[in-house]
Structure formats: C-alpha cells, structure tokens
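> Before we start, here is the structure in question, set down as structure tokens.
Please treat every number below as a calculation from the coordinates, not as lab data. Bear in mind the structure is a predicted one, so any value in this text is a computation, not a measurement. Counting neighbours? That spans all protein chains shown, and the Cβs are built from the backbone with ideal geometry, glycine included.
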Amino acid sequence: METTLPFAERVNAVRGSRIREILKVTDRPGMISFAGGMPDPRLLPAPAIRAAADRVLTRDGEAALQYSISEGLYDLRAWIAERYRARFGLNVSPASILITNGSQQALDLIGKLFLEKNTPVYLERPSYLGAIQAFALYEPRFVGVGLHAAGTDTDDLRRSVQRNGPGLFYSVPNFQNPAGTTTDLAGRERIAALARTTGILPVEDDPYSELRFNGRDLPPIRALYPPTLLLGSFSKIVAPGMRLGWIVAGPEVMRRLVAVKQASDLHTNVFAQKVLLEFLREVDLERHIAGLRAAYGRNRDAMVDALRVFWPAVRFVVPEGGMFLWCELPPGASAEELATLALEANVALVPGGPFFIPGLGADAGDRFFRLNFSNSTVDEIKTGIRRLAALPLGVANERANNSILHV
Ligand SMILES: Cc1ncc(COP(=O)(O)O)c(C=O)c1O
C-alpha cells in the first residue's frame, strides 16, 4: 500500500549531489577519478594522527570522551586565531570563532540564521555545489553573479544588489570551487565597499587558501569589511574525515550561531578536536603544508600540460592553487555526454550543470566540466586526460570563443 509521508515542502528544493552519485562508481578497478574534491590519500597524516590520538587518551583519558562546550575547544580556537594573525596580521579573538562539523555545517548554520523564504542569496556563476545545497533548504531567492578569471564580477554584483536588495553574498575568493578563480585585491576592496554601502553580508568560504602554488596570499574580505562571516576548514590541509571547520563572526552573530549549533548537534566531536590540536602542536605544519603544495602544484602542472598537448580544444583558467581545473568544451559539445562517455572509459569527472543555481544556468553549465587534480598521480593524470581527449564527442574539434570566463 502506498502511504503519503508528510515531507516538508522545502525538501523538494534540495537535490542529491551529482558528485556523490559519480563517486559511487569511482572505486571500480582501473578507474581514474577527477570527480571528487578529495586530498591525496597518501598525504593524509595517519601515523601522526594515531600518535596524537594515543597521547590525548593517555593524558586526558575520560575527559577526551566527555560532553564539551558548543563553541569548541578554546585552545583550538586560539590556535586558529594565532594563524590568522601570523598569515594576514588579522586580529581575530578565540571568542569570535565557532568550531563546526566541517565548513559544510557552517553553511547550514548560516542558512538557518539568516535566510527566510525568498531572502536574496548572491552566488557566483558557477558556485560551490554544497553551498547551493545547504542554502536551498531555506528556500532563498538565488541570484547569479558573473565570474571572471580575476574573480567575482563586482559590477554585476552591484547591479544585482540594486535590483534585488540586501541579502547574503556567498563567495569562495581563493581558488574557487569549481572555477579555480581567485578574486584579486581590487575585487575584494570593491566587495567590501559594496557591503558597506548596500548592507549585503559577505560569506567568505575559504577552505583552500593554504594550498597556494604560486602568487601571493591576499587579505581575506573580512580584513577589509569586519562584519564578513569567514569560514575555514582543516579538511584540505589535515584530513576531511575529521570533519573540523570553523566560522569567524562578531559577538552578536556568534551568540546566535552558538544557540543554533546547540539545537543542531550540541557541539562538534571533542575527541577529534583534541586529536587535531595535539597534531597541530606536534607536527611541523609548515613542512606538512609545503608538501601538499608541492604535490598538488605538480599535479596541476601535469594536468595543464596534458590538456594543452592532448586536448587543445578545451579552455580553462590556470588556478594558482586549490584542487580543481574548470574546463570549457568546444561549441556544441555536452558535458553530461562527456561525463557518461568518460565513465565508460574509466574516467570520472563532474559535468558543470550542478554548479549553477537550480533552474538558472544549467544549460550554460553543460558547456563546462570540473577536473580534480589532487587525488591522482601524475601518471594517472596524463592517462586520464589522454582517454578524455580520445572520446567520440559529437563536435568539431575547435576552440570556444565566447567564454563565460574570459580566459
Ligand atoms: C568551497 C567549499 N566550501 C566548503 C567545503 C566543505 O568542506 P568541509 O570538509 O570543511 O565541510 C568544500 C569542500 O569541498 C568546498 O570546496
């Protein structure tokens, strides 16, 4: 007998992630996966984490397994604050940091706190799929904003805000997922000025800035406009499975965030926080991060070279860091078709459609696809790109000339 279950209306707005679907088949033997956003498993510091866990349990015993405070471990928050000071001269107090279950939870908590039905949410075109998913649950009005090779198209953002009014502006200013772009200093200054004059609230999602291969660090938008909500994560520099991230916010937002976090899960796994802190104190972190940068930088170069040699019809912006290349197909080709053919040839990638706001831009998205370069070896990258270039896509092998991203 068919029963009608009383699902809330809002869950209709949430789609399952296309990436998670593709990831289900990536453990097939012989598969080369450019699909997920995963760190190289060989660079996950398992022995050091095991040693840290041992020390935590030996030293703290039961205290490491007890309930804890919702804000997160004070010493871990102090460590994060000190790193902002050291990297950017940014003054952030431990009290303005909330430890979250990955930065993904930070996005959900921000949605809960700020989004009513139809609140404008400005998102770059394309944008991080997980943010679209997290915010969609609160039924906002998504407004797409253009993206250049130099980051957010701030003229487009200004015009959109004039038309649609204040709301959240979500951005990944460093090595954007999926587009690989970085918003330059002038762009960050324009975003700060716009926020000051229009009342939009920037949500600055920054899981990748430590993974810079070339060029110089740029100040966070929060350094230019302090009300900005700044998100960070240990997923890309330590281990995503530990699910540890954070939000930086002022006292008023923080008080409410803590209440919303309590309602959600009381607090983030305190054992994981203690193990991470122990790891951060004992390991030579600069050396660890330098190792990640060197390895992923090598992989990026290998992917860029392989595309230029084997598949010159594809266009892309060369990212200065992060984990992704965003590629544009020649005119007439379909990224969905590419993804399907690629899987048959044992290569996984993500077609561009899902990175655009539901109902808006999915067609444009079908000209693009995302390649991850952090989870494969240089040899796998070369082989995978060769396989992709050889696929029988139904197009002339010519370059696109009217790109959304001006590469
Ligand atoms: C832009 C962006 N934000 C947030 C996340 C989620 O990261 P976390 O593992 O910290 O939840 C990711 C993960 O890929 C991401 O790319």
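> What is the projected area of the convex hull of the Cα atoms of segment 31-83, averaged over all directions, in nm²?
6.3
> Let me ask something additional. Using only the alpha-carbon atoms of segment 109-184, report the extent along each of the three principal axes, biggest first, to the nearest angstrom.
32, 26, 15
> Can you show me the helix-derived [θ] at 222 nm for the chain, built from DSSP H runs with n ≥ 4 at -39,500 (n - 2.57) apiece and divided by the number of residues, rounded to the nearest 500.
Taking each H run of at least 4 residues, the total per residue is -12500 deg cm²/dmol.
> Can you tell me the mean projection area, over all orientations, of the convex hull of segment 78-117's alpha carbons? Units nm², please.
3.6
> Run the numbers for Arg298 and Phe88: contour at 0.36 nm per residue of separation, minus the present Cα-Cα distance, in nm.
Gain in length upon complete extension: 73.0 nm.
> How large are Rg and Dmax for segment 115-157 when only the alpha carbon atoms are used, in Å?
10.9, 32
> On full extension of the chain, what length is gained from Arg59 through Arg10, given 0.36 nm per residue of separation minus the C-alpha to C-alpha distance?
Value of the extension gain: 13.0 nm.
> Grab the alpha carbons of segment 193-302, take their convex hull, and tell me the volume per residue in Å³.
Convex hull volume per residue, Cα atoms: 142 Å³.
> Starting from the Kirkwood Rh over alpha-carbon pairs, what translational D in µm² s⁻¹ does segment 126-253 have by Stokes-Einstein at 4 °C and 1.567 mPa s?
Translational diffusion coefficient: 85 µm²/s.
> Multiply the residue gap between Ala186 and Ala48 by 0.36 nm, knock off their C-alpha separation, and tell me the result in nm, one decimal place.
Contour length minus the Cα-Cα distance gives 45.6 nm.
> So, one more: Out of residues 5 or more away from Gly151 or on other chains, whose amide H comes under 5 Å of its own, with H placed 1.01 Å from N in the peptide plane?
Those qualifying (amide H under 5 Å, at least 5 residues apart or on another chain) are Thr182.
> Also: Could you state the orientation-averaged shadow area of the convex hull built on the Cα atoms of segment 277-322, in nm² to one decimal?
Orientation-averaged projected area of the Cα hull: 3.9 nm².
> Taking θ as phi - 60°, what are the ³J(HN,Hα) couplings along segment 351-358 by the Karplus curve (6.51, -1.76, 1.60), each to the nearest whole Hz, with x for Gly and Pro?
These are the phi-based 3J(HN,Hα) values: x, x, x, x, 7, 9, 4, x Hz.
> Using Cα pairs under 8 angstrom and six or more residues apart, how large is the relative contact order of the chain, in percent?
Averaging sequence separation for qualifying contacts and normalising by length gives 23 percent for the chain.
> I need the peptides 137-143, 42-48, 174-180 ranked by packing, meaning the mean over residues of other C-beta atoms within 10 angstrom, with the highest value on top.
Those peptides, ordered most packed to least, come out 174-180, 137-143, 42-48.
> Now, a different point. Convert 10 °C to kelvin, take the viscosity as 1.306 mPa s, use the Kirkwood radius over C-alpha pairs of segment 1-73 as Rh, and evaluate the Stokes-Einstein diffusion coefficient in µm²/s, rounded to a whole number.
Estimated via Stokes-Einstein, D reaches 89 µm²/s.
> Say the dipole of the chain comes from +1 at the beta carbon of Lys and Arg and -1 at that of Asp and Glu; which of Ala239, Ala223, Ile99 then lies farthest toward its positive end?
With unit charges placed on the Cβ atoms, the residue in question is Ala223.
> What is the Å³ per residue value for the convex hull set by the Cα atoms of the chain?
Once divided by residue count, the hull of the chain is 164 Å³.
> Return a whole-number percent for the relative contact order of segment 28-108, with Cα pairs under 8 Å and 6 or more residues apart as the contact set.
20
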